[in-house]
Amino acid sequence: MRLHRGCTRVVVLVGPVALKFPRWYGKTACLLGVLDNLRESAIWNNYDEASRWLCPVWWCAPLGFVLVMKRLNQATPSQVDTFKM
């Protein structure tokens, strides 16, 4: 299990799963984390050009307090270059 902290979310990596939770250190960060989870889920579910940049979303809580995604390996710089438009 690994834990990563971002500006608005905490990501817990467990086996093949990535769990994203809003940060709880302030109302603004928590709200932004919830909105980030909902936005990421909506982009994936409405498949468009932007969704190819995301890991597959398996489930998002109705209020966005947890996002469950497939865990992938970190992209190398050369792999990132292939996705640039």
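The values are calculated or read from the model by the stated rules, or taken from the named source; none is laboratory data. Just so it is clear, the structure is predicted and the values come from calculations on it, not from any experiment. Cβ sites come from the backbone with ideal geometry, for glycine too, and all protein chains shown count toward neighbours.
May I ask you to list the residues in segment 33-69 that are among the small types (Gly, Ala, Ser), within 17 Å of THR8 (Cβ to Cβ) and in a helix (DSSP H, G or I)? Quick ask: steps written out before the conclusion?
From segment 33-69, those among the small types (Gly, Ala, Ser) are 33, 41-42, 50-51, 61, 64; that's our starting set.
Those left that are additionally within 17 Å of THR8 (Cβ to Cβ): 33, 41-42, 61, 64.
If the condition is that a residue be among the small types (Gly, Ala, Ser), within 17 Å of THR8 (Cβ to Cβ) and in a helix (DSSP H, G or I), then GLY33, SER41, ALA42 are the ones that fit.
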**Q.** Filter pass, ASP36 being among the charged types (D, E, K, R) and either closer than 21 Å to MET1 by Cβ or at pLDDT below 90 (or both)
**A.** no
(Q) Please count how many residues of segment 1-48 are over 18 Å from LYS70 (Cβ atoms), under 12 Å from the mean Cα position of the chain (by Cα) and among the polar types (S, T, N, Q). (A) 1
Q.
I need every pair where a residue in segment 28-56 that is free of Cβ contacts under 8 Å to residues at least 40 places away in the same chain has its Cβ under 7 Å from the Cβ of a residue that is among the acidic types (Asp, Glu), sequence separation at least 6 or different chains.
A. LEU54/GLU40
Q: Would you mind stating whether PHE21 is assigned to a loop (DSSP other than H, G, I, E, B), surrounded by 10 or more Cβ atoms within 10 Å (Cβ to Cβ) and of a type in the set (A, V, I, L, M, F, W, C)?
A: no
Q. Are any of the residues in segment 39-48 among the aromatic types (Phe, Trp, Tyr) and closer than 17 Å to GLN74 by Cα?
A. no
Q) Scanning for something among the aromatic types (Phe, Trp, Tyr) and in contact with a helix residue (DSSP H, G or I) (Cβ under 8 Å, 6 or more places away or on another chain), does segment 19-32 turn up at least one residue? A) yes
